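The values are calculated or read from the model by the stated rules, or taken from the named source; none is laboratory data. Computed from a prediction, not measured in an experiment: that's the story for all the values here. Neighbour counts are summed over all protein chains in view; Cβ atoms, including those assigned to glycine, are modelled from backbone coordinates with ideal geometry.
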Number of protein chains: 2
Amino acid sequence: MPRVKKSPDVRTNELIECAQRLFFEQGYENTTVNDVIREANVSKGAFYHYFVSKEALLEAVASRMAHQSLKELQALFEDPTLDAVGQLNALFAGSRRLKVEMAPQLKNTFNALFKPENIVLYHRIDAAVSAVTLPYLTGLLERGHKEGSLDAPDPEATALMLLNLRLGVAKTMHRALQQTEAGDLDGAARILDGWMRTYGLAVERLLKIPEGAIEITEPGFARAFLEATV
Amino acid sequence: MPRVKKSPDVRTNELIECAQRLFFEQGYENTTVNDVIREANVSKGAFYHYFVSKEALLEAVASRMAHQSLKELQALFEDPTLDAVGQLNALFAGSRRLKVEMAPQLKNTFNALFKPENIVLYHRIDAAVSAVTLPYLTGLLERGHKEGSLDAPDPEATALMLLNLRLGVAKTMHRALQQTEAGDLDGAARILDGWMRTYGLAVERLLKIPEGAIEITEPGFARAFLEATV
């Protein structure tokens, strides 16, 4: 097929879409830059014009996914019937739904992502997701502080701290996925449930929300999620 | 000078010491693997036998520094006159002292470390420091929970969350260092002071400690620290 001249935006988008499909189908580790180049039908030079490395491409994929997820969750931030705590809960519920839905396609990438040797990669993706999420979360905390449903005198720093609280999940998730692979789904679900309980408590305390007001998880979520990764 | 056969431990230590000296003297970015090899008088093959990259070497330097700092602070963890909150405060005070003492030697590395483009490097170093610190912090939270001076039903997950709360400092520190370089030391100190206030509040809330019980900073610290980096 002859190569067609396309605008940089179109080209970048195509590369990201190709990469996302390949990362999901065969896993990040098993995908090479050459695979992406072949699939997208671009030259090596053109690829490296847009992305310095495979890692940079993954970052772009993560950022795109975060934008898409936020778009799906957008209605939330505009729902006048919810206060900020209600919005936070809806946000956690939405993110649980997305996780279970995407687990089957994500499983190869997931298993790779939470390995201790890939911690740098994990942080890189997290940074992309955080950058997209931070302004929305900051706005939510600002509103909540004003209406009095939560306490966050410094909304931006607090939003960043909330996002960073999640990071410990990588270690926990790695343990839970190993346990799942070893056939102990109940043990794995217990590990993940325990972490989420502590995380929910931390969110409540950090924002001075009454204990029990934040629903980080729901019965059966950890199990359903882990089952979907098998 | 002829090359002497040394045990792997001795060799590794020498390479780390050399690297630490060079990173401090000329900055991480300006130091090449070849500089380290020349300074330590080892072959390229021997170097790569011990370390896969310059980043891996920096990680080892960070881990070694964390071990040394913890050794200096060790007496703290064994002081029977302090409860866990007192120990946390002593820990923060000790780490402030180390930071001001080391700022002049660290300034090149520091300025490089907090640049947004080096966020991966920052996380790599943080992971090394966290790995060394986590067991001590977990033990401290366990003791505090037992004696009732703080509330941490899941000490390990909470310790990890406490460590992750700090991560936002990179962004803040970068801003403050830029402001300092631009000559606005007062503005820079205000940025850093603000972040530390929010961080201290987050630590108190997360551990259910009375507000004001944690002394993350003291008057003049941010200014003294930033001044030492100029």
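Considered as a group, the residues in the stretch A:123-159 that are away from chain B (no Cβ under 13 Å) and either acidic (Asp, Glu) or touching a His at 6+ places or on another chain (Cβ under 8 Å) (or both) include one that is farthest from A:Arg205 (Cα to Cα), and that residue is A:Val132. Considering only residues of the stretch A:216-227 that are surrounded by fewer than 18 Cβ atoms within 10 Å (Cβ to Cβ) and not acidic (Asp, Glu), which is farthest from B:Pro155 (Cα to Cα)? It comes out as A:Ala224. Per the conditions (1) over 11 Å from the mean Cα position of the chain (by Cα); (2) more than 25 Å from A:Glu218 (Cα to Cα); (3) buried (at least 19 other Cβ atoms within 10 Å of the Cβ), the sole criterion not satisfied by A:Pro135 is (3).
So for the stretch A:102-113 (the condition being over 28 Å from A:Pro135 (Cα atoms), at pLDDT 90 or above and buried (at least 19 other Cβ atoms within 10 Å of the Cβ)), does at least one residue qualify? No, the stretch A:102-113 contains no residue that is over 28 Å from A:Pro135 (Cα atoms), at pLDDT 90 or above and buried (at least 19 other Cβ atoms within 10 Å of the Cβ).
Of the residues making up the stretch A:197-215, those that are more than 15 Å from A:Leu150 (Cβ to Cβ) and either β-branched (Val, Ile, Thr) or buried (at least 19 other Cβ atoms within 10 Å of the Cβ) (or both) are A:Thr198, A:Tyr199.
Would the stretch B:73-80 turn up any residue that is over 18 Å from B:Pro8 (Cα atoms) and under 16 Å from the mean Cα position of the chain (by Cα)? Taking every residue of the stretch B:73-80 in turn, at least one turns out to be over 18 Å from B:Pro8 (Cα atoms) and under 16 Å from the mean Cα position of the chain (by Cα).
Among the candidates A:Arg96, A:Arg64, A:Arg38, the residue that is part of a helix (DSSP H, G or I), within 23 Å of A:Ala213 (Cβ to Cβ) and among the charged types (D, E, K, R) is uniquely A:Arg96. When B:Lys6 is tested against (1) closer than 30 Å to B:Ala90 by Cβ; (2) not in a helix (DSSP H, G or I), exactly one condition is not met: (1). For the stretch B:1-21, filtered to residues that are among the basic types (Lys, Arg) and at pLDDT 80 or above, the residue that is surrounded by the fewest Cβ atoms within 10 Å (Cβ to Cβ) is B:Arg21. Tallying residues that are among the aliphatic types (A, V, I, L, M), more than 11 Å from every other protein chain (Cβ to nearest Cβ) and in contact with a helix residue (DSSP H, G or I) (Cβ under 6 Å, 6 or more places away or on another chain) within the stretch A:160-176 yields 1. Comparison of A:Glu147, A:Glu78 shows that the only residue that is without any contact (Cβ under 8 Å) to a residue 40 or more places away in the chain and of a type in the set (Asp, Glu) is A:Glu78. Can you pull out every residue in the stretch B:40-56 that is modelled with pLDDT of 90 or more and either crowded, with 17+ Cβ neighbours inside 10 Å or small (Gly, Ala, Ser) (or both)? Selection gives B:Ala40, B:Val42, B:Ser43, B:Gly45, B:Ala46, B:Phe47, B:Phe51. In the set (1) in the same structural domain as A:Gln105 (by TED's automatic domain parsing); (2) surrounded by 15 or more Cβ atoms within 10 Å (Cβ to Cβ); (3) in a helix (DSSP H, G or I), A:Phe24 fails one condition alone, (1).
Can you confirm whether A:Glu59 is acidic (Asp, Glu) and surrounded by 17 or more Cβ atoms within 10 Å (Cβ to Cβ)? Yes; evaluated as a whole, the condition is true for this residue. Taking the criterion of being facing another protein chain (nearest Cβ under 10 Å) and either under 13 Å from B:Gly86 (Cα atoms) or of a type in the set (Ser, Thr, Tyr) (or both), the only residue of the stretch B:202-218 that qualifies is B:Glu204. Taken over the stretch A:175-191, the criterion of being crowded, with 19+ Cβ neighbours inside 10 Å and out of contact with any Ser or Thr (no Cβ under 8 Å at 6 or more places or on another chain) is satisfied by A:Ala176, A:Gln179, A:Ala189.
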